[in-house]
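Participant: Quick one: this structure, given as structure tokens, is what I'll be asking you about.
The values are calculated or read from the model by the stated rules, or taken from the named source; none is laboratory data. Keep in mind that this is a model prediction, so the values were computed, not measured. Heads up, the Cβs are rebuilt from the backbone with ideal geometry, glycines too, and the neighbour counts pull from every protein chain shown.
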Amino acid sequence: MTTPVSTAPLLEVRELRMEYPQPGKPVPALRLDFLEARAGEAIAVTGPSGSGKTTLLHLLAALIRPTGGVIRFGGRDLGSMGTASARWRALSVGYVFQNMNLLPDFSLLENLTIAAEISGVPRGRALDRSRALLRRLGLEGLAHRRPAKLSLGEQQRGAVARAVLHAPPLILADEPTASLDAVNAGLVMDLLLELSAESQSLLLVATHDETVRKRFSRVVELQKAAGVENEGE
């Protein structure tokens, strides 16, 4: 792994709690007392089903607000951004979702370039970088296909390319190898680790895969919050 060049934490988490409303009493979904991470670090997030891996990534992307505790990224309190969170997320976060979230009415190449332009990448550079990433992931010949015409593994690789295209300071990947065979899983992890190191992005990967976990020198293992009985993340 590349040694982080920054000494100050980029990410700071303190006494983080997340509960979801339910008749009777809230359901605890996540408890994480402390986490600090720096630019250029790569971290695997592991734990049993119900421990809150996906919830943690959603909180770090400011998609949801915590019910307790503080998350700061670059000194900014993510829980208090309000409507500014969407713009911050477009500029600062690359997210590989479990269900890929590719736009169904657009080609794979268009999915990448649209996301890049929303993140402020000029169109010409977005096209060049999109094509380069698709080629690197073995998807160059599929650039003009819509997601419905791609396999789950091809969609997964496309979602990874979209997430890293604008070199965001924070890359979040939720089970990015779940739909891939061993060869393509290795290709995706190579890309995530190499590009996050090149851009000195902070990379957090939620995974059940022991092969993926072993590629990380730092692992955050979540515990199932007291009272959690479902099999969600």
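Participant: Condition check: at pLDDT below 90 and over 17 Å from the mean Cα position of the chain (by Cα). Does A178 satisfy that?
Facilitator: Against the criterion (at pLDDT below 90 and over 17 Å from the mean Cα position of the chain (by Cα)), A178 does not qualify.
Participant: How about segment 188-221: which of its residues are part of a helix (DSSP H, G or I) and either of a type in the set (S, T, Y) or on the phi > 0 side of the Ramachandran plot (or both)?
Facilitator: S196, S199, T211
Participant: When only residues in segment 22-61 that are hydrophobic (A, V, I, L, M, F, W, C) and without any contact (Cβ under 8 Å) to a residue 60 or more places away in the chain count, which is farthest from R87 (Cα to Cα)?
Facilitator: Here the residue is F34.
Participant: Would you call D105 over 21 Å from the mean Cα position of the chain (by Cα) and touching a residue at least 12 places away in the same chain (Cβ under 8 Å)? Break it down into steps so the answer makes sense when it comes.
Facilitator: Values: over 21 Å from the mean Cα position of the chain (by Cα): yes; touching a residue at least 12 places away in the same chain (Cβ under 8 Å): yes.
Criteria met by D105.
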